[in-house]
Amino acid sequence: MNSVLVYTHKLTNRNSYMFRLFFRELLGLDLVMTDRINDFAAATGPKVSYGEEPISDELFFYARSLVFETGIVEQNISVFTWEGNEVFYATGKNSALPFDPFCCGFYLVSRYEEYLPHIRDSNDRFDAHNSLAYQYNFLSKPVVNQWAELIRKKLVEKYPALVFPIKNFRFQPTIDIDNAYAYREKGFMRTVGGYAKAILKFDLEDVRMRTRVLLGLRNDPYDTYAYQLALQKKYSLKPIYFFLLGDYGLNDKNISSQNHNFRQLICHLSDYAEVGVHPSFGSNKDPLKLQVEIGRLKNIVHRDIFQSRQHFLMLKFPSTYRNLLARDITADYSMGFANEVGFRAGICSPFNFYDIDLERETTLRIHPFAAMDATLNLYMRLTPNEAFDKVKNLIIEIKKVNGVFTSLWHNETLSDEKQWKGWKKVYEDIIEEACSK
């Protein structure tokens, strides 16, 4: 037996979305929802009611108003701790839980707070430090998955015959290729400019290294692809590579998409792993560029492109995701913060994007990531050892709820050069931790 009947006095897109997320996706149960009280009362088997009062002796969750509303209004949220869990939207005495997990979950997963007025950072992004999770110190916990486990326990207590499918922890490595090579394939003008910049800074080591690479005397430091493929084989990984193919600009500095060797590299990696588009910084202000960049990758690998991650993690709700949907992208991996590790949407499992402005669940699948190399090094200023400990704790939390640990790394980070000295080992240690039982 793995089917649950849910009654609520008013079926809405919001509460239907949340019950599907908790019951079907996170708990693996069949779900039937109804607003017909007589049908619910007459039914046998596991039943859940969601409202102000229980109907009879079913499992009852007191409902707060958020998932019955439409539109966006400022929320009065008081976070409290219950049995080690950070929760909000407190409920009445008769409820199975002292908080409403469906309203809590909707607020986080829909990114409700990012629709509200807020100050954006220098790159026009929502700052992690403005998030409820950061301010109340639960950003490092996949609280939505933890709440799902609380619901499961209540269901088991009430209906011990319920059968829950086994879910296993999964590791999903992802690699962004923002700059395929440090010195190679740059063209005459960019190479001359690189020399000039290094000379003005009296960076003789950069001049020496650039010269040796261009003369073929040493490998380009960002050319870490053979090493990545070796890791993939050693640990049976299934990475996803995201390629930046936008036109050259202040924040978009990859090699030209017309460069033969760059195109060969993309084809080579696509033979061993999945690939996706890395929409450029410039595409956020000109969505037509997104279509061009998807087309470039499609023409290079000769297959349809359905996965993406925003360069600079540029997310603006709901426009960014609408632009992806309009161009047949079905999976996005941008859900994470640039300046803090953890769980931007409070969850470590894939979920569908809910468009609050349109009040509907979409088909765009969101795959949240938990940690990025640049976050750990450039934003949080952690040492390699501190960074590994931070990520290890995230992996432990994800393993507890059998979620998905998605990492975000870059080819240049694995160079073990300059500011990334020692970070190659961090990545190896993270992989070992994620792959250990």
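Note on the range 108-133: residues that are more than 16 Å from the chain's Cα centre (by Cα) and either closer than 17 Å to F80 by Cα or of a type in the set (D, E) (or both) amount to 4. If only one of R210, R218, R184 is among the basic types (K, R), farther than 21 Å from Q258 by Cα and crowded, with 17+ Cβ neighbours inside 10 Å, which one is it? Going through R210, R218, R184 in turn, just one is among the basic types (K, R), farther than 21 Å from Q258 by Cα and crowded, with 17+ Cβ neighbours inside 10 Å: R210. I need a count of the residues in the range 199-254 that are closer than 28 Å to C435 by Cα and in a loop (DSSP other than H, G, I, E, B). Residues in the range 199-254 being closer than 28 Å to C435 by Cα and in a loop (DSSP other than H, G, I, E, B): 8 in total. Selection of the range 322-336 for residues being surrounded by 24 or more Cβ atoms within 10 Å (Cβ to Cβ) and touching an Asp or Glu at 6+ places or on another chain (Cβ under 8 Å) yields only L324. Please go through the range 260-291 and give me each residue that is at pLDDT below 95 and out of contact with any helix residue (DSSP H, G or I) (no Cβ under 8 Å at 6 or more places or on another chain), ordered by number. Matches in the range 260-291: K285, D286, L288.
Do we have G422 as modelled with pLDDT of 95 or more, at positive phi and buried (at least 23 other Cβ atoms within 10 Å of the Cβ) here?
Details: modelled with pLDDT of 95 or more: yes; at positive phi: yes; buried (at least 23 other Cβ atoms within 10 Å of the Cβ): no.
So G422 does not fit the description; no.
Quick one: count up the residues across the range 61-77 that are more than 15 Å from N15 (Cα to Cα) and either among the acidic types (D, E) or outside any loop (DSSP other than H, G, I, E, B) (or both). Steps first, please.
As a first pass, look at the range 61-77 and keep what is more than 15 Å from N15 (Cα to Cα): 72-77.
Narrowing the set further to residues that are either among the acidic types (D, E) or outside any loop (DSSP other than H, G, I, E, B) (or both) leaves 74.
Matching residues across the range 61-77 total 1.
When each of L31, L97, L59, L108 is tested for being surrounded by 14 or more Cβ atoms within 10 Å (Cβ to Cβ), of a type in the set (A, V, I, L, M) and under 27 Å from L315 (Cβ atoms), the lone residue that passes is L108. Among the residues making up the range 330-366, those that are under 19 Å from I177 (Cα atoms) and of a type in the set (A, V, I, L, M) are A331, M335, A338.
Taking the conditions (1) on the phi > 0 side of the Ramachandran plot; (2) in the same structural domain as D332 (by TED's automatic domain parsing) in turn, F202 satisfies each one other than (2). Among the candidates Y235, Y222, the residue that is over 22 Å from S280 (Cα atoms) and among the hydroxyl-bearing types (S, T, Y) is uniquely Y235. If you check F369, F405, F353 for being buried (at least 18 other Cβ atoms within 10 Å of the Cβ), out of contact with any helix residue (DSSP H, G or I) (no Cβ under 7 Å at 6 or more places or on another chain) and among the aromatic types (F, W, Y), only one passes: F369.
Return the residues of the range 285-318 that are among the polar types (S, T, N, Q) and under 16 Å from Y333 (Cα atoms); say none if nothing qualifies. Spell out the reasoning first.
Taking the range 285-318 and keeping what is among the polar types (S, T, N, Q), we get 291, 299, 307-308, 310.
Those that are among the polar types (S, T, N, Q) and under 16 Å from Y333 (Cα atoms): Q307, S308, Q310.
Return the total of residues in the range 35-49 being among the hydroxyl-bearing types (S, T, Y) and part of a loop (DSSP other than H, G, I, E, B). Total satisfying the criteria: 1.
Can you confirm whether the range 305-312 contains a residue that is closer than 17 Å to R365 by Cα, among the basic types (K, R), assigned to a helix (DSSP H, G or I) and within 18 Å of the chain's Cα centre (by Cα)?
Residues of the range 305-312 that are closer than 17 Å to R365 by Cα, as a first pass: 305-310.
Checking the rest, the ones that are also among the basic types (K, R) come to 309.
Still in the list and also assigned to a helix (DSSP H, G or I): none.
Taking every residue of the range 305-312 in turn, none turns out to be closer than 17 Å to R365 by Cα, among the basic types (K, R), assigned to a helix (DSSP H, G or I) and within 18 Å of the chain's Cα centre (by Cα).
If you go through the range 234-256 and keep only what is modelled with pLDDT under 95 and more than 19 Å from M314 (Cβ to Cβ), you end up with I255, S256.
Residue-by-condition table, conditions (1) touching a Pro at 6+ places or on another chain (Cβ under 6 Å); (2) crowded, with 21+ Cβ neighbours inside 10 Å:
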| position | (1), (2) |
| --- | --- |
| G71 | no, no |
| P117 | no, no |
| L132 | no, no |
| V143 | no, yes |
| W147 | yes, yes |
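Pick from the range 73-94 the residues that are in contact with a Leu (Cβ under 9 Å, 6 or more places away or on another chain) and either in the same structural domain as L315 (by TED's automatic domain parsing) or of a type outside the set (V, I, T) (or both): which of them is surrounded by the most Cβ atoms within 10 Å (Cβ to Cβ)? Ranking the qualifying residues of the range 73-94, first place goes to Y89.
The values are calculated or read from the model by the stated rules, or taken from the named source; none is laboratory data. Please read these numbers as outputs of a predicted model, since none were measured by experiment. Virtual Cβ from ideal backbone geometry, glycine too; neighbours counted across all protein chains shown.
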